[in-house]
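Data block below; observations after.
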Amino acid sequence: MSASLTARGLVKSFKSGKNRVEVLKGVDFSAQHGDVTMVMGPSGSGKSTLIATLSGLLRPDAGEVTALDTRLWTLSPGRIDRFRLDHCGFIFQGFNLFSALTALQQVSTVLKYKGLSPSAARERAALALHEVGLGHRLHQRPSELSGGEKQRVAIARALAKDPALLFADEPTSALDGENGQVVIRLLQRAAKAHGAAVVCVTHDPRLEAYADRVIHIEDGRILAEPPAPHAPAPAGPRPRRSRLFSRRLDVRCCRSCAVAGFRSRWCWSWPAWGSAG
Ligand SMILES: Nc1ncnc2c1ncn2[C@@H]1O[C@H](COP(=O)(O)OP(=O)(O)OP(=O)(O)O)[C@@H](O)[C@H]1O
Ligand SMILES: [Mg+2]
């Protein structure tokens, strides 16, 4: 199957005082239609920067991104904006809501830009907000919403567009267990029922259990990708691997292992892995 999103040799650095800090150091990446691809790594490892370069928000210094058969960074800025509007949904780490707009308006405004009539946009926006459990908060502005409610508005806004590419940066960071579950299922549905390529940055071990692929990034480089531990489950979450596995440390397990955690039979490269799951 061809990848809906690929990147080759992405390099990105930022100026910090007199120095330049290289944040992405030649990253290759791919994500498929119908998959939830999880990107995990320590704070400051370049996850948000990666998602921004993949989605047309931040131009890399070198490397290329091909999204839905389009060489993204060869487009003019206006056409990149149009590409994002037409094909991408974003759940930002900082929510990025407009302070003057109600929850309903946050979602419907984007849909109107996409060409829906005002009444169709309102209807679809209300449905999306109901789906994330905010049917009773349609007319509240961000200042009247809790952190978790704001996050769910951002999620509804991204999902309402039914995007081919869905980028989520820590989508459950402000949510309790129950609402985290709702969001996880919605991300999975975007991939499985709507065929979106979902790229999700997270530290949240609850999300990992729902991923089709988990990619680890550390200090601006993708670590060797481990083999898939289980065949993809047709519906619902995979079983959690173990409490020990999820209690990870920010150190690599062994030289050939992409897993931050303990050296143990849970290591991807451990010979007994096949019978350990
Ligand atoms: N605009 C910027 N200017 C300067 N440095 C930046 C800029 N954006 C990011 N950085 C630096 O790049 C590094 C990676 O940042 P990034 O936000 O991608 O990390 P992250 O993996 O998403 O971290 P977290 O898990 O904390 O969100 C950090 O050291 C950060 O300070
Ligand atoms: Mg980040």
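Among ASP204, ASP250, ASP169, which is of a type in the set (Asp, Glu), closer than 23 Å to GLN106 by Cβ and either at pLDDT below 75 or surrounded by 15 or more Cβ atoms within 10 Å (Cβ to Cβ) (or both)?
That would be ASP169, the only listed residue that is of a type in the set (Asp, Glu), closer than 23 Å to GLN106 by Cβ and either at pLDDT below 75 or surrounded by 15 or more Cβ atoms within 10 Å (Cβ to Cβ) (or both).
Among what's in the stretch 9-52 and is within 13 Å of ligand 2 (Cβ to nearest atom) and more than 14 Å from GLU218 (Cα to Cα), pick the residue that is surrounded by the fewest Cβ atoms within 10 Å (Cβ to Cβ).
Only one residue fits best here, namely ALA52.
Given the criteria more than 24 Å from the chain's Cα centre (by Cα), at pLDDT 95 or above and small (Gly, Ala, Ser), does ALA121 qualify?
Criteria met by ALA121.
So which residues in the stretch 45-78 are among the β-branched types (Val, Ile, Thr) and more than 12 Å from ligand 1 (Cβ to nearest atom), if there are any at all?
Once the filter is applied, which keeps residues that are among the β-branched types (Val, Ile, Thr) and more than 12 Å from ligand 1 (Cβ to nearest atom), the stretch 45-78 yields VAL65, THR66, THR70, THR74.
Is it the case, given these coordinates, that ALA193 is farther than 15 Å from LEU5 by Cβ and not assigned by TED's automatic domain parsing to the domain that holds CYS88?
no
So SER2 passes all but one of these: (1) at pLDDT below 95; (2) within 16 Å of ligand 2 (Cβ to nearest atom). Which condition number does it fail?
(2)
From the residues in the stretch 72-107 that are surrounded by 14 or more Cβ atoms within 10 Å (Cβ to Cβ) and free of Cβ contacts under 8 Å to residues at least 24 places away in the same chain, which one is nearest to the chain's Cα centre (by Cα)?
Applying the filter and picking the extreme gives LEU72.
The values are calculated or read from the model by the stated rules, or taken from the named source; none is laboratory data. Just so it is clear, the structure is predicted and the values come from calculations on it, not from any experiment. Ideal geometry is used to build each Cβ from the backbone, glycine not excepted, and the neighbour counts take in all protein chains shown.
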